[in-house]
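Undergrad: Attaching a single structure in structure tokens format; questions to follow.
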Amino acid sequence: MSASPLLISPNSVLANALLRSIDMLRPRVHAMRPRRIEFVVGTQINGAPHLGTNLVQTTAFLLAKIARREFPVETSVRFGALDNAPYEVILDPETHHAYQATYFHALGKAGVDELIDTYYRAFFDSLSEATATDYALETYTDQQSSPAFRAEFLRTLERLDEIRWWLAPSHGVVHVRVPCPQCGWAEKRADRTKLVHLDEDGARFAAVCLDHGPYEIDVDPENRTYVDLATLYRNLVKERLLMRGNDTLYVMLKGGDWAFGCQLVDGALGALDAPGTRMPIRIFTPQVLAPTGAKLSKSLLRDRGKDALPTDVEPWMIDTTQWPRDTDHYVDALLWLVGELLTDPKHFFRSFTVKELGRIMTNRPADLAQRPRAHEMGIYKRYFDLIASGEKTTEIRVDDSSRKRLKEGDLLRFKCRDEEVLTRITRIARYADFDEMFEHEPVSSVNPTASREDQLRNIREIYPPEREALGVVAIGIELVGL
Ligand SMILES: [Zn+2]
């Protein structure tokens, strides 16, 4: 009798249309032929992350690794740290207008950097190493200061009447926050913030500070005033900007609860005549649900305190810094988890209760923690067997960005379906192309069973000319006994 499967998921409309989750990207990849794919994930940096946040981020790195092999193009991850999240909200004692200070305005750049270092830097570095994927990090404050973002924002202002009901369906008032230049506080709901002038050079807003009275803010592409956009508006501007890329395909990674809100962003994109080829590609990741079926949220902790959490919720799920072991151990467990979800679109495009995720995590392979960190490569069975028997001592790959990380002495794990073999890198040699490579590398060390001509033909069936043009890396390997 075979063991019962780890995961059981019903079919869904989306899962039924896909063989693999990564196929979500295929229509756009075919239409656009991008040179690279960037996976974009934004996170509010308000304190310690919970499991749902880390799940989105882990998925970004893992999909980057899968897409690099699948399409094949260079891939990376871009992390947006939303330092415009509200740090503090107060009410004007007389008018009762709400005012807020963002994390950036309350803590400054140094304080925000410290938050990122505390909660995310080691986590991302570990994910980056484990998936051989580079990442870049920018804050919302960086983003809004870039001339391209500001110009894109100003273009949307010209057509505010066409998008305002999409961005604010209940009242049609779009929240653009322009903090007071003296104290940094801004009207939360922009009640008294008005667009008073707009021309091709820029915009002027008038607003009222609770301490400093009326003020005006000029926004143009080059100046340094701060523009804080409400969530939907920020996404509209960001996605319009990213979709202008011709060489790079940007894929937005978002928690599943975003699927509902994106209808409104799409309405606004449509109102601005975004062509179909410029509509954003988004992947919604599994939602992590509290026992009530609501999204897991740190408000659980705030409302009930650490000792009163529902028994299903393990402490690390709500504050991932509580994970009992080190960062690599946590990341390896998360990568295994997301890898399992990605084995079938039915498992990936759905939600999970904390109890069910806890059950799955408990069932992770016992040797996961003992497995040394290693580079990983998938390989065909006939070559896998030659490596496992020790006959093949040189592995050949095109020299894409993930290979640049390989170093003499590193561990390299080859995987073929359910089998794997661990090796150590004994040397690295780089060549312009496969012909030059075979002038230096012994043919029999690459494959003892085939001639040089046969091997060249086989390799070039795997790697088309544009991949070979990246250069070739020969990796000397020896088996590692465990
Ligand atoms: Zn002020």
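Undergrad: Out of the residues in region 158-181 that are farther than 29 Å from Ala106 by Cα, surrounded by fewer than 19 Cβ atoms within 10 Å (Cβ to Cβ) and hydrophobic (A, V, I, L, M, F, W, C), which is farthest from the ligand (Cβ to nearest atom)?
TA: Restricting to residues being farther than 29 Å from Ala106 by Cα, surrounded by fewer than 19 Cβ atoms within 10 Å (Cβ to Cβ) and hydrophobic (A, V, I, L, M, F, W, C), the top hit is Trp165.
Undergrad: All but one of (1) in a helix (DSSP H, G or I); (2) at pLDDT below 95; (3) not acidic (Asp, Glu) hold for Gly245, so report the exception by its number.
TA: Of everything listed in (1) in a helix (DSSP H, G or I); (2) at pLDDT below 95; (3) not acidic (Asp, Glu), Gly245 misses just condition (1).
Undergrad: Among the residues of region 248-270, how many are touching a residue at least 40 places away in the same chain (Cβ under 8 Å) and more than 19 Å from the chain's Cα centre (by Cα)?
TA: 4
Undergrad: Going residue by residue through region 225-245, is there one that turns out to be in the same structural domain as Glu74 (by TED's automatic domain parsing), charged (D, E, K, R) and within 16 Å of the ligand (Cβ to nearest atom)?
TA: yes
Undergrad: What's the number of the condition Asn363 fails, among (1) of a type outside the set (A, V, I, L, M); (2) out of contact with any helix residue (DSSP H, G or I) (no Cβ under 7 Å at 6 or more places or on another chain); (3) free of Cβ contacts under 8 Å to residues at least 12 places away in the same chain?
TA: The one condition Asn363 does not meet is (3).
Undergrad: A follow-up question, please. Condition (residue is within 16 Å of the ligand (Cβ to nearest atom) and among the acidic types (Asp, Glu)) applied to region 182-193: is it met by at least one residue? First the steps, then the outcome.
TA: If we filter region 182-193 for residues that are within 16 Å of the ligand (Cβ to nearest atom), which is where we start, we get 182-188, 190-193.
From what's left, among the acidic types (Asp, Glu): 187, 191.
Scanning region 182-193 turns up at least one residue that is within 16 Å of the ligand (Cβ to nearest atom) and among the acidic types (Asp, Glu).
Undergrad: Can you tell me which residue in region 205-221 is farthest from Ala98 (Cα to Cα), limited to those that are surrounded by 18 or more Cβ atoms within 10 Å (Cβ to Cβ) and more than 10 Å from the ligand (Cβ to nearest atom)?
TA: Only one residue fits best here, namely Val219.
Undergrad: Still on this structure: Would it be correct to say that Asp257 is modelled with pLDDT under 95, away from the ligand (no atom under 16 Å from the Cβ) and over 21 Å from Leu167 (Cβ atoms)?
TA: On the way: modelled with pLDDT under 95: yes; away from the ligand (no atom under 16 Å from the Cβ): yes; over 21 Å from Leu167 (Cβ atoms): no.
Spelling it out, it is not the case that Asp257 is modelled with pLDDT under 95, away from the ligand (no atom under 16 Å from the Cβ) and over 21 Å from Leu167 (Cβ atoms).
Undergrad: Given the condition in contact with an Asp or Glu (Cβ under 6 Å, 6 or more places away or on another chain) and not aliphatic (A, V, I, L, M), answer yes or no: does some residue in region 158-178 qualify?
TA: Within region 158-178, one or more residues are in contact with an Asp or Glu (Cβ under 6 Å, 6 or more places away or on another chain) and not aliphatic (A, V, I, L, M).
Undergrad: Right, next: For residues that are within 28 Å of Arg36 (Cα to Cα) and among the β-branched types (Val, Ile, Thr), scanning just region 427-480, find the one that is surrounded by the fewest Cβ atoms within 10 Å (Cβ to Cβ). Before you say what the answer is, go through the steps one by one.
TA: First pass over region 427-480, keeping only residues within 28 Å of Arg36 (Cα to Cα): 428-437, 456-475.
From what is left, the residues that are among the β-branched types (Val, Ile, Thr) are 428, 459, 462, 472-473, 475.
Details: Ile428: 16, Ile459: 19, Ile462: 12, Val472: 25, Val473: 19, Ile475: 22.
The extreme case among them is Ile462.
Undergrad: Are any residues in region 120-141 closer than 14 Å to Gly80 by Cα and surrounded by 16 or more Cβ atoms within 10 Å (Cβ to Cβ), and if so, which ones?
TA: Here is the first cut: in region 120-141, the ones closer than 14 Å to Gly80 by Cα are 120-121, 124, 135-141.
Within region 120-141, Tyr120, Phe124, Tyr135, Thr139, Tyr140, Thr141 qualify.
Undergrad: Another question, if that's okay. Of everything in region 301-317 that's hydrophobic (A, V, I, L, M, F, W, C) and at pLDDT below 90, which residue is farthest from Leu289 (Cα to Cα)?
TA: Ala308
Undergrad: Glu129 passes all but one of (1) outside the structural domain of Gly261 (by TED's automatic domain parsing); (2) not in a strand (DSSP E or B); which number fails?
TA: (1)
Undergrad: How many residues are among the small types (Gly, Ala, Ser), surrounded by 13 or more Cβ atoms within 10 Å (Cβ to Cβ) and assigned to a loop (DSSP other than H, G, I, E, B) when one looks only at region 1-54? Walk me through how you get there before you give the answer.
TA: First pass over region 1-54, keeping only residues among the small types (Gly, Ala, Ser): 2-4, 9, 12, 15, 17, 21, 31, 42, 47-48, 52.
From what is left, the residues that are surrounded by 13 or more Cβ atoms within 10 Å (Cβ to Cβ) are 9, 12, 15, 21, 42, 47-48, 52.
Still in the running and assigned to a loop (DSSP other than H, G, I, E, B): 9, 12, 47-48.
Selection size over region 1-54: 4.
The values are calculated or read from the model by the stated rules, or taken from the named source; none is laboratory data. Quick caveat, the model's predicted, so the values are computed rather than measured. No Cβ is skipped: glycine too gets one built from the backbone with ideal geometry, and neighbour counts run over all protein chains shown.
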